[in-house]
Amino acid sequence: QVQLVESGGGLVQPGGSLRLSCEANRSIFTINANAMGWYRQAPGKRRELVAIISSGGSTNYADSVKGRFTISRDNAKNTVYLHMNSLKPEDTAVYYCNAAVLSWGNYEHYWGQGTQVTVSS
């Protein structure tokens, strides 16, 4: 079982920055096929992928955040970060950490509790 704990959300003005953290209770990246990522869900909208980082270190971003957000990880701390710069009001959402863990040929998905990010003046 994987447990994910997020932190770092809050209220920020447009153009500001925030860093989200997601700590797992065990190492995720020891298996090459695993990955961790950040999703977000705004009111009335579907949950969408924001950024993902694989065990090999490759990253992928939603077009809407490319050049503004960076996903990184600290393997020693079992933690993934989302560095968010140049924030816009449309980035307002609940952000969820996700771990995709390969188990017996299938992926199991684990989610954090979510952290609110509000971008407003």
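Listed by first and then second residue, the pairs with beta-carbon distance under 9 Å, at least 6 apart or on different chains, first residue in region 46-64 and at positive phi, second at pLDDT below 95 and in a loop (DSSP other than H, G, I, E, B), are Gly57/Phe29.
Residue-level check: of (1) more than 23 Å from Val119 (Cβ to Cβ); (2) open to solvent by less than 80 Å² (accessible area, probe 1.4 Å), Thr30 misses just (2). Looking across region 82-95, not a single residue is of a type in the set (Ser, Thr, Tyr), within 29 Å of Gln1 (Cβ to Cβ) and surrounded by fewer than 21 Cβ atoms within 10 Å (Cβ to Cβ). Look at (1) assigned to a loop (DSSP other than H, G, I, E, B); (2) closer than 25 Å to Gln3 by Cβ; (3) at pLDDT 95 or above and you find that Gly57 fails only one, number (3). Based on what the data block shows, is Asn75 of a type outside the set (A, V, I, L, M), surrounded by fewer than 16 Cβ atoms within 10 Å (Cβ to Cβ), more than 19 Å from Thr118 (Cα to Cα) and touching a Phe, Trp or Tyr at 6+ places or on another chain (Cβ under 7 Å)? The answer is yes for Asn75.
Candidates are the residues of region 108-121 that are touching a residue at least 24 places away in the same chain (Cβ under 8 Å) and open to solvent by 80 Å² or more (accessible area, probe 1.4 Å); the one that is farthest from the chain's Cα centre (by Cα) is Ser121. Every residue in region 5-20 that is closer than 17 Å to Val50 by Cα and either in a loop (DSSP other than H, G, I, E, B) or out of contact with any Leu (no Cβ under 8 Å at 6 or more places or on another chain) (or both), please. Of everything in region 5-20, those that are closer than 17 Å to Val50 by Cα and either in a loop (DSSP other than H, G, I, E, B) or out of contact with any Leu (no Cβ under 8 Å at 6 or more places or on another chain) (or both) turn out to be Gly8, Gly9, Ser17.
Scanning region 89-107 for residues that are more than 17 Å from the chain's Cα centre (by Cα) and more than 15 Å from Gly37 (Cα to Cα) returns Pro89, Ser103, Trp104, Gly105, Asn106.
The values are calculated or read from the model by the stated rules, or taken from the named source; none is laboratory data. Keep in mind that what you see is a predicted model, and the values were worked out from it rather than measured. Counting neighbours? That spans all protein chains shown, and the Cβs are built from the backbone with ideal geometry, glycine included. For the accessible areas, the whole protein counts, side chains as well, though only heavy atoms, and no ligand, DNA or RNA atoms are used. Shrake-Rupley method; radii C 1.70, N 1.55, O 1.52, S 1.80 Å.
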